[in-house]
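Okay, structure first, notes after.
The values are calculated or read from the model by the stated rules, or taken from the named source; none is laboratory data. The model shown is predicted, which means the values in this text are computed figures rather than measured ones. Quick reminder, even Gly has a Cβ in these numbers, built from the backbone with ideal geometry, and neighbours come from all protein chains shown. Note: areas computed on protein heavy atoms with side chains; ligands, DNA, RNA excluded. Shrake-Rupley method; radii C 1.70, N 1.55, O 1.52, S 1.80 Å.
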Amino acid sequence: MTTPSASDHESTAAPVEPHRVLVLNSGSSSVKYQLLDMRDRSRLASGLVERIGEETSRLVHTPLTGGGAEPRERTGRIPDHEAALKAAAEELTADGLGLDSPELAAIGHRVVHGGLKFSAPTVITDEVLKEIERLVPVAPLHNPANITGIRTAQALRPDLPQVAVFDTAFHTTMPEYAARYAIDVETADAHRIRRYGFHGTSHAYVSRKTAELLGKAPEDVNVIVLHLGNGASASAVAGGRCVETSMGLTPLEGLVMGTRSGDIDPAVVFHLKRVASMSTDEIDVLLNKRSGLVGLCGDNDMREIRRRIEEGDEQAALAFDIYIHRLKKYIGAYAAVLGRVDAVAFTAGVGENSAPVREAAIAGLEEFGLAVDADLNAVRSGEPRLISPEYARVAVAVVPTDEELEIADQTFALVEEPASS
């Protein structure tokens, strides 16, 4: 009898089932990434490359396995997205998680604008890339960066499925009467002018987790989701489907945000051109980068605004009141749209962490069945939780969002479909 060799064992070993997903979020000058193990949906590593193209580029990589590993940082010029992704791949390789691993099933890309064509996660082909490029005029700041990230990842792993998960996809269920602007139809159609909505992966995830928190199926629950970060948006979700959302053709419409104005009379644009001789680009910068909270009081950090209010700063107090007033208007409007509201869910940086914002947004809405318990609202936790008293007819929840996990789930489900069918 001969003794089996190591090569004999290797040839009979069971093939590795790919079970990891790399999630990429490529911005104009940054790349965020997470590597997840989809067997238990755990994070293996995460990182951020920022200030791409500058002399002071920075990469922070955090290993999330092995217990207590410290983040690693490198600085120095990272000239482009290709170099950024290669640097991220090197950090993953140092953790034994290299992108050449047979355990990697797919790469999931956050793509901000999918228009009407993409209502679900989509395997990226040449035709899909062309359509994303066609949408650049309605997402000039976001889609070009997303495309760069996709092309770079394709070059690194041309054999691997690349999946686009669109911020706009969750909102494609809006009825036409909610999605259409009341302008000339031919002009609107010729230039793709309609309400698309954004933060869709967050609204999808949070509305579903809110239903779980209530012990119900998503199709049995009506939820108002308030995604409050530096960018902010609201959605009305009826039975798991978005029927209304606050952002529109671009992320500028809707709530007061960190640097964006939100809703504004469109004639302000004409007025500024006529009386202030401002160019279109100057007005664009004003409304997107010099408005919102930072335009009202000079700060877009809610913690700093609250500190200033406690010290008696009237400008900060006014900015906060304007922010809350807009929130209340949308809660009331979406209650009317839904007819029946089972829950209001706060999420994202401000929504998850600012108890004063949650308290103020709900205060005075008791006739709508809404209330906040002060003690529950004061609790800091990374877990989904109710902050409404038991007697409240409508639940008020804090649900930490997880857009990367949502992208990974949608990506993995898509690439696993052929194997499971």
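In summary, strands (runs of 3 or more DSSP E) completely within segment 209-295 and bearing 2 or more residues that are modelled with pLDDT of 95 or more, under 19 Å from Tyr334 (Cα atoms) and open to solvent by 30 Å² or more (accessible area, probe 1.4 Å) occur at 241-245. For Pro63, the conditions (1) surrounded by 12 or more Cβ atoms within 10 Å (Cβ to Cβ); (2) within 21 Å of Ala155 (Cα to Cα); (3) out of contact with any helix residue (DSSP H, G or I) (no Cβ under 6 Å at 6 or more places or on another chain); (4) touching a residue at least 24 places away in the same chain (Cβ under 8 Å) are fulfilled apart from (2). Looking at Ala106, Ala69, Ala84, Ala88, just one residue is under 25 Å from Ser42 (Cβ atoms), in contact with a His (Cβ under 9 Å, 6 or more places away or on another chain), open to solvent by less than 80 Å² (accessible area, probe 1.4 Å) and small (Gly, Ala, Ser), and that residue is Ala88. Flag not set for Ala169, criterion: closer than 30 Å to Asp126 by Cα, open to solvent by less than 10 Å² (accessible area, probe 1.4 Å) and aliphatic (A, V, I, L, M). Scanning segment 296-315 for residues that are within 21 Å of the chain's Cα centre (by Cα) and either among the polar types (S, T, N, Q) or under 17 Å from Ala234 (Cβ atoms) (or both), we see that the one that is surrounded by the most Cβ atoms within 10 Å (Cβ to Cβ) is Met302.
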